[in-house]
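Undergrad: Before anything else, here's the structure in question.
Computed from the coordinates by the stated procedures, all read-outs in this text should not be read as laboratory data. Quick caveat: nothing in here was measured; it's all calculated off a predicted structure. All Cβ positions, glycine included, derive from the backbone under ideal geometry; neighbour counts span all protein chains shown.
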Amino acid sequence: KHSRPNHHPYKSGPTPRQNPPSSQGLSTRRELYERDFPVYKQPVEVGCFSLDSERRFFNDSRQMRYYVEPDRNPNFDLRDGYKDRFIKRDDSVKEKLDHILRWILANRSKLSSRGATASPRALDVDIVTWRGHLTKLLTSPYETREGWLLAVTRFRGTLYISEVETEAARRDRENREERHEEMMYWGYKFEQYTCADNTHSVPDPGGVVNTNEAFCTVVQTRLADHRLLFSGEVDCRDKDPNAPAPPACYIELKTSAEICTPKQRSNFHRFKLLKWWAQSFLPGVPRVVAGFRDHEGVVVTVDTFPISKMSHLIKNEHNCWKPTVCMNFCCDFLSFVKRIATEDNPSVVYLFSWEPHRDVTYSVHRDSQYSFLPHWYVEKMTS
Ligand code: 0WD
Ligand code: CA
C-alpha cells in the first residue's frame, strides 16, 4: 500500500475492518493493526470534577490550575520540599471508578437517554472508564515490560472498565527504592513551579505539594462504533481568557531526563513520546510542556511538544510506533470485550488479562473480590 494512513487528529479513515477473532484470545501483534486510522471523533468535554487535599469529590473546577510559562532554562530544583512539604496520596487505597460514578450520578440528565421510555440503558454510552486505562490499551502493541488486568462489568447496557493491580505492579509499589520514591515527587514539584491557583496569581514554590488534589475532565467521544465516556486528570490550562474552550486549552506537564546522546534521543522518541502522545491524544489535550532535568533533579530546559507533531518527530526512528496501530488495537479490544461481556449484571466481572508477548485472555467472576460497581451506584441507577 502506498497511500499514507491519515494521522491527522480526529479525522476518520474509511471502512472499519476487524481482525478475525481467534478462538480464545486477542493478539497484540503490531502487524495486525496496520490499517486505516479508525474514526475517532473530536473529544467533547461534558463536565469536570475536583478532588481536594483530603481526596473529597466536588462536582466543579475548584482544583483547576493555570499555566505560567517558565524561563526556557529555569534551574528549578525538583528535590526541594520532598522531606518537609510533601503530602502523598495513599496509593494502596484503590478508588476504582468511584469518582467517575459520583460524577455520573450528579450529571445524569446530561447523559441519560430519552426519559423513562423504551431503552433499557441508563446512559447513552457504551464504555465508561479512566483515560489512563485507555492509554494502557493504546500502548499495548508496543509494551514489552508491564502487563495489565482490566475488570469489565456490563450494567444496564453500558460496559464499565476498571483496572485491577497486577501482582507484579503491587510488588513494585511495595518495594520501591527511596530514590524512585523521591523521583515520583519530581513531576508534582514541576507542576508547582509552573502552575498558579488563579489567572492573576503566580506559582508558589514555597507551598506544600499534596498529591491528593486533582482536577479531572470528563469527555465524550466515539472510536469507530464505541461511544466512550472517560475521565482524566488535567494538570492545568492556558490562562489566556481568549484561549480555546476545553479540552483544547489544557496542558499536560511532564518531566523527563535530559537528553545528552543520540541513543537517549532515540529512546525518548520510541518510548516516552508514545506514552505522552497516547495519554493526551485521547482527551484532545493539544500540548505537553516538558521539563528536562539532570540527575540531581534540576530542570535545565523546558520545551513544548504539540501532540499533532509527535508522530512526525518519530518518523526518522527505525521500527517506531504508529498512532494507527494504537487506535486499531484499542478499537478491536473494545469489540472483543463487547462480544465476551454479555451478561448484564453488576456483580459479574469479566477479567481481561494481558502479559507482553501473549494474547489477551479472560475469565469470569461472580460476586467475587473483583466486583467493583458500588451498591450506592447500582441502587441509584436502578431506581
Ligand atoms: O488504577 C488507576 N490508575 C486509578 C486511577 C484507579 C482509581 C483512580 N484513579 C484516578 C485518580 O482519581 C486520579 O485522579 O486516576 C486519576 C488520574 O486518572 P487518569 O488521568 O486516567 O490517569 P493517568 O492518565 O494514568 O495519569 C494522569 C495523572 C498522572 O500524571 P502523569 O503526568 O504522571 O501521567 O494522574 C496521576 C498522575 O499525576 N495519577 C494518579 N493519581 C491518582 N491515582 C494515579 C492514580 N492511581 N495514576 C496516575
Ligand atoms: Ca502530568
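Undergrad: Find the eigenvalues of the gyration tensor of the Cα atoms of the range 218-343, then list the square roots of 5 times those eigenvalues as equivalent ellipsoid semi-axes, largest first, in whole angstrom.
TA: Values for the range 218-343, descending: 29, 21, 12 Å.
Undergrad: Another question, if that's okay. Name the GluC sites (Glu not before Pro) in the range 147-237 that are in a loop by DSSP and that have at most 13 other C-beta atoms within 10 Å, would you? Intermediate results must be reported in sequence, preceding the final value.
TA: Working: sites: 163, 165, 167, 174, 177, 178, 181, 182, 191, 213, 233; in loops: 165, 177, 213.
Passing sites in the range 147-237 are 177.
Undergrad: Further, regarding this structure: Pull out the extension gain between residue 365 and residue 112, defined as 0.36 nm times the separation in residues minus the alpha carbon to alpha carbon distance; nm, one decimal.
TA: Using 0.36 nm per residue and subtracting the Cα-Cα distance, I get 88.3 nm.
Undergrad: Taking the dipole about the Cα centre of the range 260-383, with the C-beta of Lys and Arg at +1 and of Asp and Glu at -1, give me whichever of 328, 299, 318 is farthest to the positive side.
TA: Farthest along the dipole direction, towards plus: 318.
Undergrad: Only helices at least 18 Å long along their own axis, judged from Cα atoms, and with Kyte-Doolittle mean hydropathy of -0.5 or greater: name those in the chain from DSSP H. The partial results should precede the final answer.
TA: Values: long enough: 178-194 (25 Å, -1.67); 323-340 (26 Å, 0.89).
Flagged H segments are 323-340.
Undergrad: Take every Cα pair under 8 Å in the range 268-383 that's 6+ residues apart, average their separations, divide by the length, and report that relative contact order as a whole percent.
TA: Contact order relative to length: 16 percent.
Undergrad: Looking at the range 203-290, how many pairs of lysines come closer than 19 Å at the Cα, when each pair is eight or more places apart or spans two chains?
TA: Eligible lysine pairs with Cα atoms under 19 Å apart amount to 5.
Undergrad: Can I ask one more? Which is farthest toward the positive dipole end of the range 154-298 among 228, 260, 180, measuring Cα position about the Cα centre, with Cβ charges +1 (Lys, Arg) and -1 (Asp, Glu)?
TA: Positive-end residue among those listed: 228.
Undergrad: Which value, in debye to the nearest 20, gives the size of the charge dipole of the range 40-118 about its Cα centre, when Lys and Arg are +1 and Asp and Glu are -1 at the Cβ?
TA: In total the dipole reaches around 440 debye.
Undergrad: While we're on this one: How would you order 288-297, 344-353 from highest to lowest mean count of nearby Cβ atoms within 10 Å? List each step's numbers first, then the result.
TA: Numbers: 288-297: 17.8, 344-353: 19.3.
Descending packing order for the listed peptides: 344-353, 288-297.
Undergrad: Turning to a different aspect of this structure: Determine the calculated [θ] at 222 nm for the chain from helices alone, applying -39500 (n - 2.57) to every DSSP H run no shorter than 4 residues and normalising by the residue count; nearest 500 deg cm²/dmol.
TA: Helix contribution divided over all residues of the chain: -7000 deg cm²/dmol.
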